[in-house]
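Comments concern the structure below.
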Amino acid sequence: MSIWTRIADAVAAFTSGESLSDVFEKLRAPPERSVAFTIATIALSAKMAKADGLVTRDEVTAFREVFTIAPRDEPAAAKVFNLARQDVTGFEDYAHKIRSMFGEDDAALTDLMEGLFHIAMADGEYHPAEDEFLHSVGAIFGLSETCFRRLRAQYVPDADPDPYDILGVSPDASPEEARAAWRALVRENHPDRMMARGVPEEAVKLAERRLIAINRAWEEIAGRETV
């Protein structure tokens, strides 16, 4: 059974008066967390689209880059997106329920935020409303300002990436501390690790871009030490 079939089943199970955000109360445990992760990304993408006022073809294409959707599964994805756009529930409620679902699993929440950044930048512009939206979601998720800056630097061209921010260490960190952080991040972003924390196989490809930034940051720091 494909993830989209499971999503369609989850949406079909809604009863009258339920909000889309109620689904997160029902999909807390693996393997259904991958369903919840996908629905969360769709739902928050829809809310983000409302933040800047329009949905562009580029954003739809970007979503397809995060999640592979077969033609037969498009109605299920579209239904979730439209439910979220029409839902009067604020994005804050969505974000709080998603945070509750993943608990202290910061890595899974970071994965989700990365997908949102990818979609936000699909049209080549980073709208101030999108920045405000993502900052608010990140705060609700409990992600640090350093983590937010790291994600922003990966995707927003005007953000000058600080290699220490990307590795999540202080500029005063020793080379050994920086190396340890780099190795830990490489391990954490292995596809098997990501799938174990509920990231759908289709979305694991985002780690490729993240690993490029992580390796580049370590190379820059290591290069400074050898000068």
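Looking for whichever is surrounded by 17 or more Cβ atoms within 10 Å (Cβ to Cβ), farther than 25 Å from D192 by Cα and modelled with pLDDT of 85 or more here; the options are F91, F117. Which one fits?
Working: F117 fails: farther than 25 Å from D192 by Cα.
After applying the criteria, what remains is F91.
For region 197-215, which positions are surrounded by 13 or more Cβ atoms within 10 Å (Cβ to Cβ) and either touching a Cys at 6+ places or on another chain (Cβ under 8 Å) or assigned to a helix (DSSP H, G or I) (or both)? Step through it out loud before you land on a result.
Within region 197-215, the first condition is being surrounded by 13 or more Cβ atoms within 10 Å (Cβ to Cβ), and the residues that meet it are 197-207, 209-211, 213-215.
Within region 197-215, E201, E202, A203, L206, A207, R209, R210, L211, A213, I214, N215 meet the criteria.
Show the residue pairs that are 6+ apart or on different chains and have beta-carbon atoms under 9 Å apart, the first residue being within region 97-116 and free of Cβ contacts under 8 Å to residues at least 24 places away in the same chain and farther than 16 Å from V35 by Cα, the second being surrounded by fewer than 18 Cβ atoms within 10 Å (Cβ to Cβ) and charged (D, E, K, R).
As it stands, the answer is G103/R28, since those pairs meet every condition given.
Check D162, D111 and return the single one that is surrounded by fewer than 22 Cβ atoms within 10 Å (Cβ to Cβ) and out of contact with any Asp or Glu (no Cβ under 9 Å at 6 or more places or on another chain). Explain how you work it out, then say what you get.
On the way: D111 fails: surrounded by fewer than 22 Cβ atoms within 10 Å (Cβ to Cβ).
Only one candidate passes the filter, namely D162.
Conditions (1) of a type in the set (D, E, K, R); (2) under 19 Å from I98 (Cα atoms), marked per residue:
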site	(1), (2)
M121	no, no
P128	no, no
E132	yes, yes
I140	no, yes
L143	no, yes
F148	no, yes
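The values are calculated or read from the model by the stated rules, or taken from the named source; none is laboratory data. Predicted model only: the values in this text are computed from it and were never measured. Note: ideal-geometry Cβ built from the backbone for every residue, glycine included; neighbour counts use all protein chains shown.
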